[in-house]
Amino acid sequence: MKHNVASGGCSETTDRILTILTDQLNLTVPTPQTDLIGEGILDSLALVDLIMHLEGEFGFAVEPDQLELDNFQTVERIGQMVLQSTAELTTAAV
């Protein structure tokens, strides 16, 4: 599933997150800017599922200090967290 996202370098990451939300969690997300929590799209159980899928898809572990609702407010914010976490993994491996 391809989504139109005008967010530059993180569009591939955003697409992958949207695919997880729609295909794996069966959630409808109108846009990457949609407030997932405020709109009631992402509840606590779906959040746990999402974290498991993110860790599997992107190969990193969500750290306890990342478990702030702000990091999961929108697909864009989730993408920023993923990019930061995977960049830290790459830097640590060098």
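Tabulated results
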quantity: Within the chain, longest stretch clear of exposed GluC sites (Glu not before Pro) (DSSP loop, no more than 16 other Cβ within 10 Å); calculated: 1-38
quantity: Farthest positive-ward along the chain dipole, Cα basis, beta-carbon charges - from Ala46, Ala61, Leu27; calculated: Leu27
quantity: Contact order normalised by residue count of the chain, Cα under 8 Å, 6+ apart, percent; calculated: 31 percent
quantity: Longest to shortest principal axis, alpha-carbon extents of the chain, angstrom; calculated: 39, 28, 21
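Coordinate-derived values only; no laboratory data. Since we're looking at a predicted model, the values are computed, not measured. Note that each Cβ is placed from the backbone with ideal geometry, even for glycine, and that neighbours are counted across all protein chains shown.
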